[in-house]
Every structure is written in C-alpha cells, then in structure tokens.
1. Run the reach check for Lys21 against lysines, Cα to Cα strictly under 24 Å, same-chain hits fewer than 8 apart removed. What comes back?
2. Ordered by packing density, taken as the mean number of other Cβ atoms within 10 Å over each peptide's residues, highest first, how do 190-199, 58-67, 116-125, 172-181 rank?
3. Run the quick spin-label model on Glu108 and Arg4: label points 7 Å from Cα toward the beta carbon, then report their separation in nm to one decimal.
4. With the crude spin-label approximation of a point 7 Å out along Cα→Cβ, what separation in nm comes out for Lys149 versus Asp194?
5. Test of understanding: what is the full-extension gain from Arg20 to Asp164, defined as 0.36 nm times their sequence separation minus their Cα-Cα distance?
6. Amide H neighbours of Thr17 under 5 Å, counting only residues 5+ apart in sequence or on other chains, H built in-plane at 1.01 Å?
7. Round to the nearest 0.05 the FRET efficiency obtained for Glu115 and Lys28 when R0 = 35 Å and r is the Cβ-Cβ distance.
8. Nearest 10 degrees, 0 to 90: what angle lies between the long axis of helix 22-34 and the longest principal axis of the chain (Cα atoms)?
Amino acid sequence: MAERTYPGVCLVDGTETTKRKAKNDIKKSLTKERGQDQEAASWLVQFSGKYRPQYWIVLLIEKDATLKAIDSKLRSLWLECCGHLSQFTIYGHKFQSNPDRNYGDDEEGMDISVESLFRVGLVGEHLYDFGDSTHLTFKVLDFLPFAPKNRNGIELVAQNHPPDIRCSSCGEPADRICLECLYDSGVEAFFCEDCFEEHECDEDMSLPVVNSPRIGQCGYEG
Ligand SMILES: [Zn+2]
Ligand SMILES: [Zn+2]
Ligand SMILES: [Zn+2]
C-alpha cells in the first residue's frame, strides 16, 4: 500500500507531501512562506496521468490565465516532444491547440480565460498527441489568495518524486527504456546503463527514464 500514497515535494518550501495531502500542505506552506494577499487570486490545480496516476503536479494559476498558457506549461514540464496537437475537455466541451474551424463549432481554441470556466471541484481532462496520446486528468482543488511567482502567471508548486523504476536485469535503478522490448512485451523494457549496453536490441531504439506521464512515448526525452 505504501506506493499508493504517491509521495512528492511541495516546492514552495521543499517539504515532503503526497498526492492526497498536497492541497492542504501547499496552502500551509504558502501561508507560512508568503502570507495571504487579499489582492491576489489564483487557482490551485492538480494534474495527473490518467493511466499513470503516480505522476502528478500541482500548479498555482492566476485567476484569468488562458487555457493556452496552461497548455504550454504542461508541455514544457511534462509533454512536449514534437509539437503535437493537444486538447482540453471541460464540461464536455473541447478546446484544441489548433482548432479546425471547418469541423463546425463544437471545437474551440485555447485563447480563453479560465476565469469563466473553472470553479473549485471542477474535474477535466487534457490530451497531448492524437497518435501516441498522453492523457491527463485535472481537478481544481481550491481558489486562493496568493499570486504565482513566475511572470507567466503559472507556478509549479508541487510534484511527485520520480517513481522507483528498476532495471529488469539487475534490479538497480533504471535509466533507459528499450523501445523494442517495450513494443514486444510491454514489460521488462527498463534497464540501467550497464545492462542496456549488454542487451541485444538496437541502441537507437531507446528513450531515457523521465519523471513524466509521457515516459516511453513518441520521442519524449524530458
Ligand atoms: Zn512526438
Ligand atoms: Zn541493470
Ligand atoms: Zn530490448
């Protein structure tokens, strides 16, 4: 059961937290480190891998940020490999990075403020890449009197620790994924540097182990 707590770090003050406790821990840390600012208002939003829930982050997002700004933050932190399309789904509406107006008006773009979309408790989804897709879910945890520290209005305030992934040959921490093994078997595709050198597959068919739900997909190298 220990693994199910999905441990991580609150980046406001460097304290330990978990996926479940992150909301309260972050609020405590922000209050202690920065003090409440009644002029400020931001959303606290947790994203996680839909099928890889051990990967999670929490973003502090200024109240009128755009979906586009959040999308580009997700790309730079977690997702970007080769400029694929992405999409948010919120209340059944789809918001795409490159909306195709010819398909009618059920697809909107991402140049829209979250002020009118978000409310505390909202659950939505994000998809990156319609081919080798990475699916995220997100939840608006809270609305808080703090401002993000970055100039772009979105701050990473907590993140999971890298999951403990082991070499399938020797049990040491893994740092390469063999894509040939991954596609063949789906398991035993993780290797440490030494064992990867030893094993038979094509050297170029590999990706690094990275702390992201896009691990092992397309050409994602972190
Ligand atoms: Zn790609
Ligand atoms: Zn090894
Ligand atoms: Zn292999």
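Read-outs: derived from the displayed coordinates by stated rules, not from any lab. Being a predicted model, the structure only gives us computed values, none of them experimental. Here the Cβ is made from the backbone with ideal geometry for all residues, glycine too, and neighbour counts use every protein chain on show.
1. Cross-link targets: Lys32, Lys50, Lys63, Lys73, Lys139, Lys149.
2. Details: 190-199: 16.6, 58-67: 21.5, 116-125: 13.7, 172-181: 18.4.
The most tightly packed comes first, giving 58-67, 172-181, 190-199, 116-125.
3. So the two model labels end up 3.7 nm from each other.
4. 3.9
5. Working: separation 144, 0.36 × 144 = 51.84 nm, distance 1.88 nm.
Length gained, Arg20 through Asp164: 50.0 nm.
6. Long-range HN contacts for Thr17: Gly8, Val9, Cys10.
7. Numbers: r = 26 Å, r/R0 = 0.74.
The calculated FRET efficiency here is 0.85.
8. 60
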